[in-house]
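First the structure, in the form of structure tokens, and then the observations on it.
The values are calculated or read from the model by the stated rules, or taken from the named source; none is laboratory data. A quick note: this is a predicted structure, and the numbers were derived from the prediction, not measured. Every residue, glycine among them, receives a Cβ derived from its backbone with ideal geometry; neighbour counts consider all protein chains shown.
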Amino acid sequence: MTKTSMNSNLKRLFSGPFLAFILCGTLVPLGVIAFYGFTDRSGAFTIENIMAIATRNHAQALGLSLGLALISTVICLLLAFPLGLILKDSKLGKKGFMVFVFILPMWMNFLLRTMAWQVLLERNGIINIVLKSLGLPLLDIINTPAAVVLGMVYDYLPFMVLPIYNALIKIDKNLIEAAYDLGADKLLVLRKVLIPLSVPGIVSGITMVFVPSLTTFAISTMLGGGKVNLIGNIIEQEFTVGSNWNLGAGLSIVMMVFIIISMALIEKFDREGEASMI
Amino acid sequence: MALIELVDISKSFDGELVLDEFNLKIKENEFITLLGPSGCGKTTTLRILGGFETPDTGKVLFQGEDITNLAPNKRPLNTVFQKYALFPHMNIAENIAFGLKISGKSKEYINDKIKYALKLVNLSGFEKRSVDSLSGGQQQRIAIARAIVNEPRVLLLDEPLGALDLKLRQEMQYELIRLKNELGITFLYVTHDQEEALTMSDKVVVMNQGYIQQMGTPEEIYNEPENAFVADFIGDSNIIDGVMLEDRVVKICGSVFPCIDEGFGRNKPVDVVIRPEDIIIGKPGQGIMDGVVTSNVFIGVHYEMCIEAGGFEWLAQNTTSYPVGTRVSIGVTPENIQIMHKPQSEDEEAISLDD
């Protein structure tokens with residue numbers, strides 16, 4: 001056996017577990033979902049489960065999911081970009097420490113963090129106790145879409161901050177100085193240099209906030225109190241309470257299609273944006 | 001009046017003094033070069049001029065007006081950065097137009113200027129090219145074009161040729177001289193390359209450890225170095241301990257050389273500088289002292305030889321080759337011997353440049 005063929009055999013051997021994982025963890029489940037989604041309980045082919053998205057409460061849930069995911073993505077972006085700029089120029093101790101502080105919550109299970117907000121926002125929760133003692137009007141957002149958006153923003157903000165911060169610190173300092181040198185003020189440097197050059201970070205940040213926000217059911221369950229029904233909640237209920245796996249799978253397929261469409265739109269905007277932002 | 005004046009500029013980073021009471025005047029339409037080893041403060045001087053650093057003390061005057069605290073984007077000068085710093089998300093035309101768009105010039109004006117600037121740097125037709133598709137030399141010329149279209153009063157150049165290969169560097173040197181003459185802009189150039197400095201400059205400022213060591217025309221700097229640091233930094237040289245016996249007579253390595261310097265006093269220790277090309281090699285007994293050739297390397301136009309004589313290894317250059325082991329004599333005409341005072345204090349002590 002030659003050395004190269006041994007090498008490639010070795011490589012194949014090492015890639016084995018990964019291939020097995022892809023097969024069992026991604027491809028097979030996708031096939032199962034597709035099978036359930038396109039069949040009825042008796043196993044006959046049908047597109048009813050897909051078309052079920054058109055029913056009123058399903059379409060509403062999907063619409064609400066898209067809306068809330070969009071709002072929380074925009075809020076995250078508006079918070080994360082300035083934060084990234086501040087972190088980039090931060091002279092407070094070591095740069096790594098400031099970033100660490102912002103990433104720290106990410107290491108905690110997000111269900112715990114969401115539950116914390118539940119306790120904070122409750123009608124008799126900590127925030128309201130404080131507000132009451134100060135004689136201020138009470139905050140009544142628990143079990144509303146606003147609470148769900150708050151939960152999404154809180155849970156997913158680090159996923160927006162990190163890629164944007166990474167993109168920003170990679171920008172060559174000389175480029176910023178060159179822009180100033182050529183007469184640009186702070187705003188122009190931001191518009192013409194910092195934002196265009198951090199587009200890849202912005203795009204991956206948007207992806208990492210938008211997709212989990214669109215598909216979440218835990219945040220809406222905990223902070224929506226059953227009153228904010230997202231598409232994720234409906235799918236979850238079909239698999240658990242309703243035990244209609246076919247319908248759940250069908251709706252999942254529809255949601256996947258929406259995610260793919262959204263990602264394609266973002267990519268398209270990204271490329272056009274890079275060309276037109278100049 | 002000087003166009004730009006640096007007055008008593010001091011600057012330190014993390015407690016380390018980089019510039020100490022630095023003073024410099026730059027005249028209109030001058031090609032002035034700050035030359036020195038890395039860490040001598042030359043780049044810091046440039047950055048203070050560009051507005052990217054604020055001096056701890058001292059003032060920057062532009063036509064007599066204090067611009068020390070003026071933001072970089074408000075200064076009437078432009079910088080060509082060491083690593084070009086072209087905007088990678090813009091094409092060449094957009095890069096060049098960047099400053100012009102900000103100053104609100106009309107579309108026709110901008111287009112004309114782009115054409116003119118590209119022609120000036122010999123890159124006509126490159127408008128639509130991407131930055132990535134250009135070689136280092138081309139990128140550097142675009143960086144220069146981007147700076148000069150704004151018609152700055154002063155162009156600051158921070159080791160702009162440092163990343164280029166030798167041939168390209170030499171070509172660019174001549175192009176920079178041509179540009180400067182065509183544009184009539186004052187050039188302030190920073191480099192550690194003495195050849196670059198001597199080729200292009202009207203005036204060279206040799207710096208070391210935050211101080212100006214010598215300021216003058218390239219000829220003055222080369223032919224009459226004021227101290228051992230300058231002599232060592234500019235070109236090759238033999239720097240030898242000597243004793244000034246009396247006016248016009250210096251004793252080096254036990255032999256007496258006639259020279260043209262006066263006023264050093266009697267029996268005064270001095271530094272003596274003799275350029276290798278000024279050493280006359282002859283038959284034994286014909287020169288001032290005899291020695292043996294210990295090495296001989298052909299380096300292009302001439303041979304570079306080491307000659308052991310009087311306990312000193314002399315560096316000599318000659319178009320005639322003397323093989324290793326040959327007994328020769330060496331001599332120097334009096335006007336080619338440069339006598340310098342020994343440094344008086346630690347501050348003046350020139351650092352070793354053996355690396």
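Points worth noting:
- Flag for A:L265 being farther than 20 Å from A:P145 by Cα, within 14 Å of chain B (Cβ to nearest Cβ) and aliphatic (A, V, I, L, M): no
- Qualifying residue in segment B:171-182 (condition: within 27 Å of B:E304 (Cα to Cα) and surrounded by fewer than 23 Cβ atoms within 10 Å (Cβ to Cβ)): yes
- Residues located in segment B:239-261, provided they are touching a residue at least 60 places away in the same chain (Cβ under 8 Å) and either over 30 Å from B:L35 (Cβ atoms) or not assigned by TED's automatic domain parsing to the domain that holds B:E313 (or both): B:R248, B:P258
- Restricting attention to segment B:310-355, the residues being in contact with a strand residue (DSSP E or B) (Cβ under 8 Å, 6 or more places away or on another chain) and either closer than 30 Å to B:D290 by Cβ or at pLDDT 85 or above (or both) number 31.
- Residue in segment A:122-131 that is surrounded by fewer than 19 Cβ atoms within 10 Å (Cβ to Cβ), touching a Gly at 6+ places or on another chain (Cβ under 9 Å), away from every other protein chain (no Cβ under 14 Å) and modelled with pLDDT of 85 or more present: no
- Checked against the criterion of being modelled with pLDDT of 85 or more, over 17 Å from A:V254 (Cβ atoms) and not small (G, A, S), the candidates A:L30, A:L13, A:L19 yield just one match: A:L19.
- Members of segment B:84-99 found to be more than 7 Å from chain A (Cβ to nearest Cβ) and in contact with a Gly (Cβ under 9 Å, 6 or more places away or on another chain), listed by number: B:Y84
- Scanning segment B:65-83 for residues that are part of a loop (DSSP other than H, G, I, E, B) and facing chain A (nearest Cβ under 9 Å), we see that the one that is nearest to the chain's Cα centre (by Cα) is B:Q82.
- B:G282 meets all of the listed conditions (1) at pLDDT 90 or above; (2) surrounded by 20 or more Cβ atoms within 10 Å (Cβ to Cβ); (3) not aliphatic (A, V, I, L, M) but one, namely (2).
- With respect to (1) surrounded by fewer than 21 Cβ atoms within 10 Å (Cβ to Cβ); (2) away from every other protein chain (no Cβ under 14 Å); (3) of a type in the set (A, V, I, L, M), the lone exception for B:V60 is condition (1).
- Conditions (1) among the charged types (D, E, K, R); (2) in contact with a helix residue (DSSP H, G or I) (Cβ under 8 Å, 6 or more places away or on another chain); (3) touching a residue at least 40 places away in the same chain (Cβ under 8 Å); number of the one not met by B:D56: (2)
- Of residues in segment A:160-179 being facing chain B (nearest Cβ under 9 Å) and surrounded by 23 or more Cβ atoms within 10 Å (Cβ to Cβ), the one nearest to B:G99 (Cα to Cα): A:A179
- Checked against (1) surrounded by 10 or more Cβ atoms within 10 Å (Cβ to Cβ); (2) out of contact with any His (no Cβ under 7 Å at 6 or more places or on another chain); (3) of a type in the set (A, V, I, L, M), A:A52 passes all but a single condition, namely (2).
- When segment B:26-51 is filtered for residues that are part of a loop (DSSP other than H, G, I, E, B) and crowded, with 17+ Cβ neighbours inside 10 Å, the ones remaining, listed by number, are B:E30, B:G36, B:C40, B:G41, B:G51.
- Taking the criterion of being surrounded by fewer than 19 Cβ atoms within 10 Å (Cβ to Cβ) and within 14 Å of chain A (Cβ to nearest Cβ), the residues of segment B:111-128 that qualify are B:E127, B:K128.
- When we screen A:A218, A:A275 for residues that are within 30 Å of B:F87 (Cα to Cα) and either at pLDDT 90 or above or among the small types (G, A, S) (or both), the only hit is A:A275.
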